[in-house]
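Step one of this worksheet: look at the structure below.
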Amino acid sequence: MISRIWSAYAVEIAKAIRQRHVYLGPALVLFVVVCAPLQYSLGGEHSNGFGFVAYATSIVNVLGLILILSYSASLVSSELSSGAIRNVMVRPLYRHEFLAAKLLLGMSYALLITLTTGAASWAIAKGFGDVTAVSYGGEVIYTAYDMVRSYCLAVALALVPLSAGVAYAITVSCLTRSTAAAVTGSIGIWLVVDIVKHRLHISAFLFSSYLESPWQVFKDRCDGLDSAWFPMATHAMLASVGALLVFCAAAVAIFRRKDLHG
Amino acid sequence: MPTCVQLKDLTKCYGSAVALSGLCLEVQTGEVLGLLGPNGAGKTTTLYLLTGLIRPTSGQVMVFERNLERHFIEIAGRMGVVVERPAFYGYLSARDNLKLLARLSGREVTVDRALDLVGLLRVARQKVAGYSHGMRQRLALAQALLTEPELLVLDEPTSGLDIESSQEMLRLLRHLAKEANVTIIFSSHMMHEVEALCDRVAIINRGRLVACEETESLLSYDSTHVDVLLDAPEAAAKRLAEQDWVEEAALEGFTVRVTLDGATVHQLTAFLVAGGYRISGIIPRRRTLQEYFLKVLNP
C-alpha cells in the first residue's frame, strides 16, 4: 500500500510541477513579503530583523491559508470535472490511496508556501536588519540560534493545523465536480465558522484557531518576552490531528461511494 | 474455456431511477462480446460497474473468478479500460500522460510501444490539449494497452474516429483477440463493427438484458428472406405482394426483396415460372445485425 501511495504521490508531484497556476501562490507570497518592508521599515528603531520575520509571517498567514485551501479544494474536483480521474481509478490503486496522495500533495504545497515565506523574510531580515540576537538594555535575551530554533518549531507546529486545513479542503473537493464551488465552499465555510466560533464557544476545538498561535510565541520572543510553547502546542496538536483524522475519514467515506461516471 | 467475467444479478439505481436491473452475463476467456442497446439502455453503466468506476446497488461482479470489490488491485492490474469521452491532462504530452498512468500501474512498461500501436508515436511529444477527438480516442486505447491486459473493456472506442482509423483500431482489436487471447467487452452503436469483431452480442434495453446470441448464428442465411433477380421486377413485386404467403415484397433497384410467410423457395420459384417471368437468380439473404437488433427491441 505504501508503495502505491508513494507512486501516486510521485505522479501528483510530476503533474503539479507542470501546472503554471501552482507557482502563482508562492509568487504571490514572495511579492507580499518583498513589499512588507514598505510597512515595517528595517532600520532605526525597527532594526530587529526577527521582528520583520514575525511581521512578514503574520501578514502572509491568512493569505497563505486561503491559497492552501484554494489549491487543495481543486485537487479532486478538477479531476472529477475533467473526467481524467476515470483513467486513474481504473488502475491498481484504491480510492483511499489516491486521496492519501492528494493529501500529501496539499501538505507539500502548504510546506512550499511556508518555506517561501520563511526564505524570503529571513533573506530580507538578514540583508537589511539585525539578526544577531534579541537583546534588551545590552543584555542578550535570545541568541540567533534560539530564534532560528523557535522559528523552526513554529513552522513545524503551524504545519499541523495547515495539514488539517488541507484535509478539510479535500473533503469539500470530494463533494463536487465544480472546482469553483469547491474553492468558494471551502473558503466560505471556513470564514463563517471563524466568525461564529467565539460566540459558539467552539474556538478551542477548531484547528483554524491554532494557525497563528505558534507564530505568536515566535513574535513574543522577537520582542524579548518569555512566551511558552505549552500548553498551546498540546492543544494545537490535539485539535489539528483530531480534525485531520476526521476530515480524512470523511473524505474517504464520500469518495469511496462516489460514482465516477462521465 | 474458463470464465473471465461474470455479472451476477447486477442492479444499479440512481435515486429512484433504475439504470440496470438484475443483469446476469458471463464472458469466456478470449471471447469478444459486443454490448448493444439504444441510448440510455445501460451499456455504459454495465461497463463502469465492471471496471469499478461505479458501485452496484446490488449484485456481484466477478472478474478472473474473483470478486472485483475484494480483489480490485489484482484485477485492475490485468484489465485495460477505454471510457466514453476519454480525458487526459491537457498540459502534458501524450507520452507524459502514459508515463504517469504506467507508473500508477506499478509495472515497467514501454510507453512508446503502445503509442506506436495506435499510430501516435510521431506526435507523442505534443501536448494533449492540442489533440483532436480522434487522437484522444487513440490515446485512450494506448493507455488501455499499456500493461498488456488480459481483459479489455471498451466503451465506444471508435466514436469520433474516421473510417480508416476505426478500421485500423478494429484490426488491432481482432489481432489482440486472436493472437493474444485477450478477452474484449465493448459497446458500440456501429452494427458493422460489432458484426465484424464480436463472437457474441448482448443487447440491453431499459436496464435489462433482452438478448444474448452468438454472432455467427444471428447472421446465418435465412430461407424465408430471399432476393429475386428477374426480367420484370416491378410487376413481379406487385404480384408477389398480393399473395397471402408473402409477408413482404419490395423493389430495390432491379432486385425484389421477398420475405416469405410459411411458403418455401420452391413454391416461390414455381409461382414465378408459372407467371412467365424469366428468373436469373434467387439468393438467400443474410440477416443483418441491425435487423436482429430492431426485431429484439420491437418484437
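Structure values in brief
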{"item": "Test for B:Ala87: is it at pLDDT 90 or above and assigned by TED's automatic domain parsing to the domain that holds B:Gln28", "result": "no"}
{"item": "Residue among B:Arg125, B:Arg107, B:Arg103 that alone is part of a helix (DSSP H, G or I) and basic (Lys, Arg)", "result": "B:Arg103"}
{"item": "Hits in the range B:211-247 (condition: hydrophobic (A, V, I, L, M, F, W, C), part of a helix (DSSP H, G or I) and within 30 Å of B:Ile185 (Cα to Cα))", "result": "B:Leu218"}
{"item": "Of all residues making up the range B:51-67, the number that are of a type outside the set (Gly, Ala, Ser) and more than 18 Å from B:Val18 (Cβ to Cβ)", "result": "8"}
{"item": "The range A:172-215, subset free of Cβ contacts under 8 Å to residues at least 12 places away in the same chain and assigned to a helix (DSSP H, G or I), residue nearest to A:Thr57 (Cα to Cα)", "result": "A:Leu191"}
{"item": "Of residues in the range A:82-131 being within 13 Å of another protein chain (Cβ to nearest Cβ) and not in a helix (DSSP H, G or I), the one nearest to A:Gly165 (Cα to Cα)", "result": "A:Tyr94"}
{"item": "Condition broken by B:Ala142, with the remaining ones in (1) within 29 Å of B:Glu65 (Cα to Cα); (2) part of a loop (DSSP other than H, G, I, E, B); (3) in contact (Cβ under 8 Å) with a residue 40 or more places away in the chain; (4) of a type outside the set (Val, Ile, Thr) satisfied", "result": "(2)"}
{"item": "Among the candidates B:Val256, B:Val296, residue that is at pLDDT 85 or above and either within 28 Å of B:Ile203 (Cα to Cα) or in contact with a helix residue (DSSP H, G or I) (Cβ under 9 Å, 6 or more places away or on another chain) (or both)", "result": "B:Val256"}
{"item": "Which numbered condition B:Gly59 misses (of (1) farther than 15 Å from B:Gln6 by Cβ; (2) surrounded by 16 or more Cβ atoms within 10 Å (Cβ to Cβ); (3) at pLDDT 90 or above)", "result": "(1)"}
{"item": "Residues located in the range A:17-30, provided they are in a helix (DSSP H, G or I) and either of a type in the set (Val, Ile, Thr) or within 11 Å of chain B (Cβ to nearest Cβ) (or both)", "result": "A:His21, A:Val22, A:Val29"}
{"item": "Residues satisfying the stated conditions in the range B:57-90, i.e. in contact with a helix residue (DSSP H, G or I) (Cβ under 8 Å, 6 or more places away or on another chain), touching a residue at least 24 places away in the same chain (Cβ under 8 Å) and of a type in the set (D, E, K, R)", "result": "B:Glu84"}
{"item": "Number of the exception - B:Leu139 against (1) of a type outside the set (Lys, Arg); (2) more than 19 Å from A:Leu93 (Cα to Cα); (3) more than 13 Å from chain A (Cβ to nearest Cβ)", "result": "(3)"}
{"item": "Candidate set from the range A:133-155 (those that are without any contact (Cβ under 8 Å) to a residue 24 or more places away in the chain and under 21 Å from A:Val33 (Cβ atoms)); member that is farthest from the chain's Cα centre (by Cα)", "result": "A:Ala144"}
{"item": "Output for the range B:260-297, where each listed residue is assigned to a strand (DSSP E or B) and farther than 29 Å from B:Asn39 by Cβ", "result": "B:Leu260, B:Ile279, B:Ser280, B:Gly281, B:Ile282, B:Ile283, B:Pro284"}
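The values are calculated or read from the model by the stated rules, or taken from the named source; none is laboratory data. Being a predicted model, the structure only gives us computed values, none of them experimental. Cβ atoms come from the backbone with ideal geometry, glycine included; neighbour counts cover every protein chain shown.
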